[in-house]
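Chemist: Attaching a single structure in structure tokens format; questions to follow.
The values are calculated or read from the model by the stated rules, or taken from the named source; none is laboratory data. These figures come from a predicted structure and were not determined experimentally. So basically every Cβ, Gly included, is an ideal-geometry build from the backbone, and we count neighbours across all protein chains shown.
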Amino acid sequence: MEKLHPKAVYLLWLETLTSYGLLVIIIFGGFAIWMVYRLQPFLAITGKEPAEPVFFWNVFWFIFLIFLIFVGSYIWAKLCYRFYLYEFTEDAVKIEHGVIHKRYISIPYERIQNVDIHRSLWDRILGLSDLQIQTAGYAGYIRMEGRIPGILPEEAERLREYLIKKVKGAKQGL
């Protein structure tokens, strides 16, 4: 079985960070609100500014939390990359991926309806492509049944042409 391109780690990392971007915004907003409510009673009682260590430790923990999100998502991306494999056999495309929950996909060439090459912003920045395989009877608008992210554009074109030839050959025998 083949692995994704090594730059796919960064693609998976950026996708993870993008999906957790909302979480970071919520954390930042919560931190700001927490700081205001924590400092208000102190200011009301003393009429003075709080001592700097209080603010320093709050900022430290916030920066540490953001650091954990960045490092944790990178580790997750490395694990996803390590366990993402694909193979083109005589009669099907086989894809396996997943860290905690493993998913084994086998798509017979007869079921393939469409093969797309998708290049998101992150794909274009890293010079990669995403091969998406659609089948009959699958909710393809939300999620493709077969997805091979993080491959070079030339490789994606070659694989797309290969799949189209295999699909044509498989459907002629019916």
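Chemist: Run down Pro149, Pro153 and say which single residue is touching a strand residue (DSSP E or B) at 6+ places or on another chain (Cβ under 6 Å), exposed (fewer than 15 other Cβ atoms within 10 Å of the Cβ) and not assigned by TED's automatic domain parsing to the domain that holds Glu15. Give the derivation first.
Modeler: Details: Pro149 fails: exposed (fewer than 15 other Cβ atoms within 10 Å of the Cβ).
Exactly one of Pro149, Pro153 is touching a strand residue (DSSP E or B) at 6+ places or on another chain (Cβ under 6 Å), exposed (fewer than 15 other Cβ atoms within 10 Å of the Cβ) and not assigned by TED's automatic domain parsing to the domain that holds Glu15, namely Pro153.
Chemist: Out of Leu163, Leu79, I need the residue that is buried (at least 17 other Cβ atoms within 10 Å of the Cβ) and in a helix (DSSP H, G or I). Which one?
Modeler: Details: Leu79 fails: buried (at least 17 other Cβ atoms within 10 Å of the Cβ).
Sole residue among the options that is buried (at least 17 other Cβ atoms within 10 Å of the Cβ) and in a helix (DSSP H, G or I): Leu163.
Chemist: Which ones in the stretch 82-97 are within 20 Å of Ser19 (Cβ to Cβ), touching a helix residue (DSSP H, G or I) at 6+ places or on another chain (Cβ under 8 Å) and surrounded by fewer than 15 Cβ atoms within 10 Å (Cβ to Cβ)? It would help to see each step written out before you state the result.
Modeler: Taking the stretch 82-97 as the starting set, the residues that turn out to be within 20 Å of Ser19 (Cβ to Cβ) are 82-84, 97.
From what is left, the residues that are touching a helix residue (DSSP H, G or I) at 6+ places or on another chain (Cβ under 8 Å) are 84, 97.
Passing the criteria: none in range.
Chemist: Working only within the stretch 86-119, note down all residues that are out of contact with any Asp or Glu (no Cβ under 8 Å at 6 or more places or on another chain), charged (D, E, K, R) and assigned to a strand (DSSP E or B).
Modeler: Passing the criteria: Glu96, Asp116.
Chemist: Criterion first (within 23 Å of Ile164 (Cβ to Cβ) and either under 21 Å from the mean Cα position of the chain (by Cα) or surrounded by 15 or more Cβ atoms within 10 Å (Cβ to Cβ) (or both)) does His118 satisfy it?
Modeler: Details: within 23 Å of Ile164 (Cβ to Cβ): yes; either under 21 Å from the mean Cα position of the chain (by Cα) or surrounded by 15 or more Cβ atoms within 10 Å (Cβ to Cβ) (or both): yes.
Here the answer is yes, as His118 does meet what is asked.
Chemist: Being surrounded by 12 or more Cβ atoms within 10 Å (Cβ to Cβ), at pLDDT 75 or above and within 20 Å of the chain's Cα centre (by Cα): is that true of Ile27 here?
Modeler: Working: surrounded by 12 or more Cβ atoms within 10 Å (Cβ to Cβ): yes; at pLDDT 75 or above: yes; within 20 Å of the chain's Cα centre (by Cα): no.
When the stated conditions are applied, Ile27 does not pass them.
Chemist: Right, next: Has the stretch 128-145 got at least one residue that is surrounded by fewer than 16 Cβ atoms within 10 Å (Cβ to Cβ) and at pLDDT 95 or above?
Modeler: No - not one qualifying residue is present in the stretch 128-145.
Chemist: Could you run through the stretch 47-79 and say how many residues are small (Gly, Ala, Ser) and at pLDDT 85 or above? Talk me through it step by step, then tell me what you get.
Modeler: Kept after step one, since they are small (Gly, Ala, Ser), are these residues of the stretch 47-79: 47, 51, 72-73, 77.
Subset that is at pLDDT 85 or above: 72-73, 77.
Residues meeting the conditions: 3.
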